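A.B. asks: Below you'll find the structure I mean.
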Amino acid sequence: MFAVSALALTACAGTENDDAEGGAEDTGDETTGAEDSEADAGGSEEDGILAVVDHKYGPTEVPEPEDGELSVVALGWSDAEIALALGVEPIAVHDWLGFGEESHGVGPWAADLVSGDPEVIPRADAELDYELIQSLDPDVILNVNSGYDEEEYNRLNEIAPTISGPEDAANFNPGWEAQTQLVADALGLSEEGEDLIAQTQQSIDDARDAHPEFEGLEAVTGSKFSEAYGLHTEGDMRWDILQLLGFDMYGPAADIADPENFYAEVSEEQVEVFDADIAVLFPIGYSLEELEGDPLLASLDVVEDGRAVLLDGDGPLVQAFSAGNPLSIEVVLEELTPQLAEAVENLD
């Protein structure tokens, strides 16, 4: 449903001057020029510059492609899905969540927007395959939601103009709005990016308005992995979406949140940080049955009282929850919100 409306954004008229958050100023129907905001549309086109994007490592010029087709390599987490929502199909996708070649490296909510056969770059612990990326001869590289390693950035930028995250963003923590706008700016679609953000925010606002009972309740989102647990915090859409829906972070969880990271490690001795009014929990590397059978979690009041939403770690909802982009947010709103409402009904 949302994918169709997002694609429709590409039919919008050309962009107008705009100083977007974390992005650039648009100076023409097809171009953006942050360094020359007073230039007319024709001037930017004559310069051969599609966009100038301000990001963590300074301003980057994206040239107009000679053949009119922008070749995009999307390396950052969810960068490809945002490009697809804006009607631009990358030639290569870094498969952060392991969707596989059959899904073109993107979630099922975005796979139908792929008409070609992009290179799917598997997620690996080793460094990026720079030779592969160079062989693709991209016009621009999107690495907006990433680890912000400066050496990695410099190597990518030698291959093609590379767009990193917002200036003050922590690793893998650009914020969905800033990430969306930076990707849009890099594609010369600043106004369409603003429209996409506004559409998504309206969907969130509509869900919040439909559930006033969420307002002010304390909640957490977390996961079980290995011998410990993880708490998702501000900047991670797995928490942010709950906050946007009206929930507040549970006090003990907020106390251990790391402002420099999108999660905090939780030891076995600290599991009570999940004992909020409402909890959303899922396993990483474990089955849902193993999560349900975890004795420490099962002993918490939030679980015993049926106020915990336990999700299948391999299910599409958790994948959408983790992806945190406009297309996947729509899935979360449609599928998680009713489960949250059921959990709230179990409050005394």
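A.B. asks: Going by average Cβ neighbours within 10 Å, how do the peptides 214-222, 195-203 rank, with the highest at the top? If you can, show how the numbers build up before the last one.
C.D. replies: Working: 214-222: 20.9, 195-203: 17.8.
Ranking the peptides 214-222, 195-203 by packing returns 214-222, 195-203.
A.B. asks: Another one. If I take every Cα pair under 8 Å that is 6 or more residues apart in the chain, average their sequence separation and divide by the length, what percent do I get for the relative contact order? If you can, show how the numbers build up before the last one.
C.D. replies: Values: 733 pairs, mean separation 53.2, N = 348.
Relative contact order here is 15 percent.
A.B. asks: Right, another one. Leaving out ligands and nucleic acids, and using a 1.4 Å probe, what accessible area per residue does the chain come to in Å²? Spell out each step's value before the answer.
C.D. replies: Details: 15130 Å² over 348 residues.
Per residue, the chain has an accessible area of 43 Å².
A.B. asks: Over the chain, with every protein chain in place, what whole percent of the accessible area is carbon and sulfur at 1.4 Å, could you tell me? Each step should come with its number before you reach the end.
C.D. replies: Working: 6360 of 15130 Å².
Answer for the chain: carbon and sulfur cover 42 percent of the accessible area.
A.B. asks: For the chain, give the magnitude of the charge dipole about the Cα centre (Cβ charges: +1 Lys/Arg, -1 Asp/Glu; no others), in debye to the nearest 20. Don't skip to the answer; put the middle values down first.
C.D. replies: Details: 7 positive and 84 negative charges, 175 e Å.
Roughly 840 debye for the chain.
A.B. asks: Let me ask something else. Can you give the local net charge around Trp77? Use residues other than it whose beta-carbon is closer than 12 angstrom to its beta-carbon, Lys and Arg +1, Asp and Glu -1. Numbers along the way, then the final one.
C.D. replies: Values: positive: Arg123; negative: Asp79, Glu81, Asp95, Asp236.
Spelling it out: positives minus negatives among the neighbours equals -3.
A.B. asks: What Rg and what Dmax come out for the stretch 228-328 when only alpha-carbon atoms are used, in angstroms?
C.D. replies: When restricted to Cα atoms, the stretch 228-328 yields Rg and Dmax of 13.0, 37 Å.
A.B. asks: Shifting gears a bit: Based on the alpha carbons, how large is the Rg to Rh ratio for the chain when Rh follows Kirkwood?
C.D. replies: Details: Rg = 20.7 Å, Rh = 20.8 Å.
Value, to two decimals: 0.99.
A.B. asks: Now, a different point. How would you order 273-282, 143-152 from highest to lowest mean count of nearby Cβ atoms within 10 Å?
C.D. replies: Details: 273-282: 23.9, 143-152: 19.8.
The most tightly packed comes first, giving 273-282, 143-152.
A.B. asks: At q = 0.14, 0.20, 0.21 Å⁻¹, what is the base-10 log of I(q)/I(0) for the stretch 80-238 according to the Debye formula with one equal point scatterer per Cα and no solvent? Please give it to two decimals.
C.D. replies: -0.85, -1.51, -1.58
A.B. asks: For Glu101 and Glu260 in one chain, what is 0.36 nm times their gap in residues minus the Cα-Cα distance, to one decimal in nm?
C.D. replies: On the way: separation 159, 0.36 × 159 = 57.24 nm, distance 3.32 nm.
So the extension gain works out to 53.9 nm.
A.B. asks: Taking the simple approach of a point 7 Å from Cα along Cα-to-Cβ for both Glu335 and Asp112, what is their distance in nm?
C.D. replies: Using points 7 Å along Cα→Cβ, the separation is 1.4 nm.
A.B. asks: Check every DSSP H run in the chain and write down those whose alpha carbon atoms cover 20 angstrom or more along the long axis and whose mean Kyte-Doolittle hydropathy is 0.5 or greater. Intermediate values should be presented prior to the final figure.
C.D. replies: Details: long enough: 190-210 (30 Å, -1.14); 326-344 (26 Å, 0.72).
For the chain, where a helix must reach 20 Å along its axis and average at least 0.5, the hits are 326-344.
A.B. asks: Determine the distance separating the Cα centre of the stretch 232-308 from the Cα centre of the stretch 125-179; give it in Å without decimals.
C.D. replies: 30
The values are calculated or read from the model by the stated rules, or taken from the named source; none is laboratory data. Model, not experiment: these values are computed from the prediction. Methodologically, a virtual Cβ is constructed for each residue, glycine included, from the backbone with ideal geometry; neighbour enumeration extends over all protein chains shown. Calculation scope for accessible area: heavy atoms of the full protein, side chains included, ligands and nucleic acids excluded. Shrake-Rupley method; radii C 1.70, N 1.55, O 1.52, S 1.80 Å.
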